[in-house]
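Read through the structure below, which is laid out as structure tokens, and then see the notes.
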């Protein structure tokens, strides 16, 4: 019998003058916007039925238990994904395109390698340089980025067109959920067809009530917090609806077996002590990979750490393409296939700038157990301010702090911070007990200071002199 795949590749080689493109796998990168790792069922979410489709994806591939984004805010996080470089090396520290020239980006490298490349949602935040995608539909062409049916229809057309062209595809599908405003507190106009592109948002497949949710341990359980967490979980469920719809398209079009699917979030939930910080709930992300032809279903990686900075190198290896010089990440493909990689016991995370252009330099050494944070901006005078403070939760915490000393202390810490924090996240995942001044953890503190120093010097971090000055005063 003639090998049709090989024959197709030979034909395409003659036509396109490239290697056997037809044999290359398709790639679907699905991302959530502000989804906490702890909100996903397979990661131990205590609120029931939050993510049935994401859980299904996890059970069909490999789940990484110790996975992080490099920087916990949307556009800079996505710039890391698309370049494989730390923000200080790409010029992607804030909400702007890369400030450094000639940085290769993933979709351009894939197109050069024979792929057709498309994007659904978060287009501006996920395209770090001027670049024209082969297919590009953004928020208000996708029901405010919150309509699973439209995502599925656009994806199906793209997949079918790629098949007709004989090229493999790379599709980056970015849900706008569960970014604030959450379902139930969002604009009514989103649910009509009077918008600029005449596409409406959809109601989540499940709407959560305040009494149905479990409040994360880093937030107080007070009425307005409970209400906002319920609204958040409704948006989480709608993100999950989109994931399920996209996975169904792969099945319907017959390409699921040779399509690599990666799922993660760009940062943690938009609440105090999560998004736009360097805590565990800031950078830890659900990280799932499915490739039925090559990855064993039901795999769980519990010791090796991966990061968003590793996405571009991994996808390039899967596609059989050369990695450009200068990338800081490295491929984790062999881990997906059950192997061990050296030096996968820690990641380095950071923060630079909020969407409002406020500068709050932070650096973290994160292991599977500990998180050591250096807040370069914390001087007890500069107040912290981020988007999460516009929501119900922070306002409720402020009000409750007037009569509750513990909540008042949390609000004060969030506003002013201190230069050095150390958490045993293995015992204290919510980061409630700073151990930086604990004699019992002095050895770990000194070790992390050395690691931070070495890393900052190696990366030529602009904050290294300030850090050294801080250490001299200790």
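Structure above, values below:
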quantity: Filter result for the condition that a residue is touching a strand residue (DSSP E or B) at 6+ places or on another chain (Cβ under 6 Å) and touching a residue at least 60 places away in the same chain (Cβ under 8 Å), over 312, 259, 253, 242; calculated: 259
quantity: Some residue of region 344-352 being out of contact with any strand residue (DSSP E or B) (no Cβ under 7 Å at 6 or more places or on another chain) and farther than 27 Å from residue 104 by Cα; calculated: no
quantity: Residues of region 317-333 satisfying the condition of being farther than 20 Å from residue 23 by Cβ and surrounded by 14 or more Cβ atoms within 10 Å (Cβ to Cβ); calculated: 324, 327, 328, 329, 330, 332
quantity: Considering residues of region 197-226 that are without any contact (Cβ under 8 Å) to a residue 24 or more places away in the chain and part of a helix (DSSP H, G or I) only, the residue surrounded by the most Cβ atoms within 10 Å (Cβ to Cβ); calculated: 226
quantity: Selection status of residue 384, touching a strand residue (DSSP E or B) at 6+ places or on another chain (Cβ under 7 Å), farther than 30 Å from residue 304 by Cβ and assigned by TED's automatic domain parsing to the domain that holds residue 449; calculated: yes
quantity: Positions within region 355-369 being touching a residue at least 40 places away in the same chain (Cβ under 8 Å) and surrounded by fewer than 20 Cβ atoms within 10 Å (Cβ to Cβ), in sequence order; calculated: 355, 357, 361, 367, 368, 369
quantity: Any strands (runs of 3 or more DSSP E) falling wholly within region 258-308 and containing at least 1 residues that are out of contact with any helix residue (DSSP H, G or I) (no Cβ under 9 Å at 6 or more places or on another chain) and outside the structural domain of residue 181 (by TED's automatic domain parsing); calculated: none
quantity: Some residue of region 7-27 being at pLDDT 95 or above and not in a loop (DSSP other than H, G, I, E, B); calculated: yes
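The values are calculated or read from the model by the stated rules, or taken from the named source; none is laboratory data. Here the structure is a predicted model, which means the values were calculated and not measured. Heads up, the Cβs are rebuilt from the backbone with ideal geometry, glycines too, and the neighbour counts pull from every protein chain shown.
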